[in-house]
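Only one structure is covered here, and it is reproduced in the block below.
Bear in mind these aren't lab numbers, they're just calculated from the coordinates by the rules spelled out. This is a predicted model, so every value here is computed, not measured. In this analysis, Cβ positions are derived from the backbone assuming ideal geometry, glycine residues included, and neighbour counts consider all displayed protein chains.
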Amino acid sequence: MTETPQPLYDRHADTLNRALTAITERGYWSAYPESPSPRVYGETAAADGKAAFEAYLGGDFPLDQPGADDRVATETSPFGVELAVRYPHAGTGELVSAASAALPAWRDAGPQARVGVCLEILDRLHKHIFELANAVQFTSGQAFVMAFQAGGAHALDRALEALAYAYAEMTRHPGTAGWEKAAGKGEPLRMTKSFHVVPRGVALVIGCNTFPTWNSYPGLFASLVTGNPVIVKPHPRAVLPLAITVKYAREVFAEAGFDPNLIMLAAEAPGEKLASDLALHRS
């Protein structure tokens, strides 16, 4: 079922308003509980999340992106678990071209629509937090509780904080204003001015091995909410946490009527130097 962005904003307005209050007051607040206790997340959440994680192992990661020319598998778990997840590979030009084509409609949707969609993505990721935590654990080598907290709840907190700051900046000035200047004895000069947030273009997120989501989410979500499509280039040893992120984000974009290529995974083949290729690419 496709949803329009306005209902998504309405659905998550309380979360956004509480986050806006938190950045103003500079006090502690979290929208995402950091305890993996069944009392918080339910009796089956941990088992369901681990099963979802294990379903990815040894197979093709379910991501339908344009320009795929191969599959790559580069992860080795520090725990000795056989990962062997194969991710779609695409060239730099194909990734940038697809992301660029998605920009105009996203830009024109406006801050309120964009923040509503981004908040829905965070909500979707939170629903799959145990799946995400297992992916962080078995790629980064963290203990499960650390992976759940830093890779799940705290990463989502950082993303929400970035959304709040970006939304506050985009909306603190009026979108329209009347302008008037006296013109001698005649009628004054009058204009109605309109102002628009203008995105910079396609953003690039380069993931790290140690904290793949915690370090990536602030820039990723700040870029998206301000109108910029994002290409996510994970560290070759920690692809799965960001692949899961891209998967659920693309689902939300499609459901909300936007081009899912607003976020794309750039999986790197061994020795490819994809990060520098993307960073230096000129359309």
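Calculated on the alpha-carbon coordinates, the convex hull of the chain measures out at 153 cubic angstrom per residue. Protection proxy ranking of 106-115, 257-266, by the mean of other Cβ atoms within 10 Å over each peptide's residues and highest first, is 257-266, 106-115.
Is the shape of segment 168-248 rounded, prolate or oblate, going by the alpha carbon gyration tensor and its root eigenvalues a ≥ b ≥ c, with a/c under 1.5 for rounded and a/b larger than b/c for prolate? Since a/c reaches 1.5 and a/b is larger than b/c, the shape of segment 168-248 is classed as prolate.
What do you get for the angle between helix 45-56 and the principal long axis of the chain? Use alpha-carbon atoms, 0 to 90 degrees, nearest ten. That helix lies at roughly 80 degrees to the long axis. Taking trypsin sites (Lys or Arg not before Pro) across segment 125-203, the ones in a DSSP loop with at most 13 further Cβ atoms lying within 10 angstrom of their Cβ are 172, 185, 200. Note on segment 1-149: Cα-only Rg and Dmax are 18.6, 49 Å. A simple spin-label model places the labels of residue 195 and residue 282 3.3 nm from each other, with each point 7 Å out along Cα-to-Cβ.
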